[in-house]
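The values are calculated or read from the model by the stated rules, or taken from the named source; none is laboratory data. Bear in mind that the values here come from a model prediction, so they are computed numbers and not experimental data. For neighbour counting, all protein chains shown are included, and Cβ atoms are generated from backbone atoms with ideal geometry for every residue, glycine included. Note: accessible area is taken over every heavy atom of the protein model, side chains too, but ligands, DNA and RNA are not part of it. Shrake-Rupley method; radii C 1.70, N 1.55, O 1.52, S 1.80 Å.
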Amino acid sequence: RSTDGAASFSAIDIAGLTGIANNIHIYALASSGTGDWMIGQGPNLYFSSDDGASWAFLVAPAGTDAHRIRDIVYTNNTWVVLYDAYLSGSLSDDAYLITCPASTAANMDDTSDWGTPVQLSAANQVDADGNSTATASHLDGSLSKRMAAAGGRVVVLQCGSATNDMAKVQAADVSGKTCTVENTITILPLSEGDGNCIATDGITWLVGGDGGSTSPA
C-alpha cells in the first residue's frame, strides 16, 4: 500500500482474515474512489473502508457456486463482481456477474444484499462487423478475467485466442442489484494472439491483445 504516489510501499498482512487461502491468487482489486476498497480471493470478498489500511472478510456473494472471483469494478454506485461458476454438480465453467449497491460493510455482508447472479450467455454471437456467427454462445469462466466500466456500463473480456475466435466481449448495464446483460456476444477483430486487457474512458473502449508471432521481413 502506498499513500505517497508510489514512492514507497508498506506490506499489509491479510493472512489471518476469515477464509483466506495461502495457495489461491488474488486476481481482483477495485476502489470506489471514496476510500472504500474491495478484493476477491477464491469465492470470497474482503472490504476496506480506510483506503486499504485494514481489511475484513465481507461476503461470498455467490455462495458456494463461485469458484474464483476474476475481477471487480465499481460504476454507477454499484460494485460489480465477475466470477466463474464452481465446477461441480450441474454447474459448468461459465462466467457470471453479480452486483451490489455501494454501502457500508454492514449493508453488503449478506448474500441477500447482492443481486441474482447473471450468466454471461447470449442468443446471438456476431463478428466485429455485426454479422451473425452462431445462434447461441456463452463466455468461458476460466478465460473471462477482465472488465472495464463507466457510467453504469460494464464490458467483460474473454481473454481467449484470436485465431480460434475465442477473444470476445459482452456488455451489461448495472444499477445496484440490477444487472442487465446484452443478448449479443461479439468476437473481437484480433488477427493473432490473445485478448489481454480492456479499458474505457466512458466513451471509447479499447482492448489490447498479443501481437503476431511472425518476424518482420
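Figures for the structure shown
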{"read-out": "Debye, to nearest 20: dipole size of the chain, +1 on Lys, Arg Cβ, -1 on Asp, Glu Cβ", "value": "80"}
{"read-out": "Residue of D201, D65, D109 that the Gaussian network model of the chain assigns the largest fluctuation, springs spanning Cα pairs under 10 Å", "value": "D201"}
{"read-out": "Carbon plus sulfur fraction of accessible area for the stretch 65-217, probe 1.4 Å, in percent", "value": "46"}
{"read-out": "GNM flexibility winner over the chain from I203, I98, I20 (Cα, springs under 10 Å)", "value": "I203"}
{"read-out": "The stretch 115-195, accessible area per residue, ligands and nucleic acids excluded (1.4 Å, Å²)", "value": "43"}
{"read-out": "Mean projection area, nm², convex hull over Cα of the chain", "value": "14.5"}
